[in-house]
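Peer 1: If you scroll down you'll find the structure; I have some questions about it.
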Amino acid sequence: MDEIKAKGADVKFVDLGKVRIGFCQACEVCHQGPDCVLKDDAKDILQCMLDADGIVLASPVYLDQVTAQMKALLDRSSHFIHCLRLMGKYMAAVTTSGGGSGDATAAFIRRYAVTVGAQFVGVVHAPMPLRERILRRHESWALTWSRRLPAKTMWPEQVQAIEEQRKHFGRIIAFRKDQWPYEHKYWQEKGWL
Ligand SMILES: Cc1cc2nc3c(=O)[nH]c(=O)nc-3n(C[C@H](O)[C@H](O)[C@H](O)COP(=O)(O)O)c2cc1C
């Protein structure tokens, strides 16, 4: 994080273990207007993601997945998914594990990135015990990350996957325009419908 800060980035760190994030109730109110029925810290964190140019999702591997806290946050972001709200942003993953693979967790985060329209930069996985080699990889990754942002790097296969996602949700948003007026309006304003 210091490397990125030294390059002039404004970095905001949110420890999901220290905030309150309730479980999505599947009430669909967030598709009708901007606010969730649950009043907790999710709103500010999601706004932070909307304001950012790049987002690093960092999680220990718990049963081959992100933590329940992170999953709860991402479940609360279904409006991001319907409207590909993180399009044009960059996302990366940092995972730690007790020695096992981080592949499934990283694949989940990568899939989330594409689902919300972001370009996925890559993953750093640090299995315990942490070795010098892994720390060096962290450093070089941070440098790559900070170089790629100004270059506006896009990965063609991700651009295509995001476009497929947009087509998929275009059909759903058009079909559910009466139930999800907030999202329908967003799509219209974007000129996507
Ligand atoms: C509930 C739970 C589930 C875990 N599941 C896995 C797992 O599936 N694979 C693995 O390698 N480590 C697993 N671990 C170990 C954690 O990933 C490991 O302790 C953590 O990444 C250490 O990093 P930290 O010191 O930053 O928390 C699990 C730990 C807990 C508490």
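Peer 1: What are the DSSP H helices in the chain that stretch 20 Å or more along their long axis, judged by alpha-carbon atoms, and whose average Kyte-Doolittle hydropathy comes to at least -1.0?
Peer 2: Values: long enough: 132-151 (29 Å, -0.95); 156-175 (29 Å, -0.61).
Taking the DSSP H segments of the chain (at least 20 Å long, mean hydropathy at least -1.0), we get 132-151, 156-175.
Peer 1: In addition: Viscosity 0.692 mPa s, temperature 37 °C: Stokes-Einstein D of the chain from its Kirkwood Cα radius, in µm² per second? Before the final figure, lay out the partial values.
Peer 2: Values: Rh = 17.8 Å.
For these conditions, the coefficient is 185 µm²/s.
Peer 1: Can I ask one more? For segment 105-193, what percent of Cα pairs sit more than 16 Å apart? Don't skip to the end; give the middle numbers.
Peer 2: Values: 2615 of 3916 pairs.
Value for segment 105-193: 67 percent of Cα pairs lie more than 16 Å apart.
Peer 1: Considering Cα pairs under 8 angstrom that are at least six residues apart, work out the relative contact order of segment 38-139 and quote it in whole percent.
Peer 2: Details: 147 pairs, mean separation 28.8, N = 102.
It rounds to 28 percent for segment 38-139.
Peer 1: While we're looking at this one, here's another question. Given the rule -39500 (n - 2.57) for each run of at least 4 DSSP H residues, summed and divided by the residues of the chain, what is its mean residue ellipticity at 222 nm, to the nearest 500 deg cm²/dmol?
Peer 2: Details: 8 runs with 91 residues, N = 193.
Mean residue ellipticity, 222 nm, calculated: -14500 deg cm²/dmol.
Peer 1: What does the net charge come to around residue 42 if you take all other residues with beta carbon closer than 10 Å to its beta carbon, with K and R at +1 and D and E at -1?
Peer 2: On the way: positive: 20, 39, 43, 76; negative: 40, 41, 44, 75.
In short, 0.
Peer 1: Through the Karplus equation 6.51 cos²θ - 1.76 cosθ + 1.60, θ set to phi - 60°, convert the phi angles of segment 117-130 into ³J(HN,Hα) values in whole Hz; use x for Gly and Pro.
Peer 2: Each residue of segment 117-130 in turn: x, 8, 7, 8, 7, x, 10, 10, 10, 10, x, 6, x, 6 Hz.
Peer 1: Next up: Give me, ordered by chain and number, the residues 5 or more places off residue 92 or on other chains with an amide H under 5 Å from its own placed amide H.
Peer 2: Here the answer is 55, 56, 57, 121, since their amide H atoms fall under 5 Å of that of residue 92.
Peer 1: Among 95, 105, rank each residue by its count of other Cβ atoms within 10 Å, from fewest to most, as a rough exposure measure.
Peer 2: On the way: 95 23, 105 27.
The fewest-first ordering by Cβ neighbours comes to 95, 105.
Peer 1: Moving to a separate point now. Below 18 Å, Cα to Cα, which aspartates and glutamates can residue 71 reach? Residues fewer than 8 away in the same chain don't count.
Peer 2: List returned: 15, 28, 40, 41, 44, 103.
Peer 1: Explain nothing, just the number: relative contact order of the chain, from Cα pairs under 8 Å at least 6 residues apart, as a whole percent. Spell out each step's value before the answer.
Peer 2: Details: 241 pairs, mean separation 42.9, N = 193.
Relative contact order of the chain: 22 percent.
Peer 1: Of 18, 152, 167, which is the most mobile in a GNM of the chain whose springs link Cα atoms less than 10 angstrom apart?
Peer 2: Checking each option, the largest mean-square fluctuation is seen for 18.
Quick note: the coordinates plus some simple rules give every number you see, no bench work behind them. The model shown is predicted, which means the values in this text are computed figures rather than measured ones. A quick note on method: Cβ atoms are made from the backbone with ideal geometry, for glycine too, and the neighbour counts reach across all protein chains shown.
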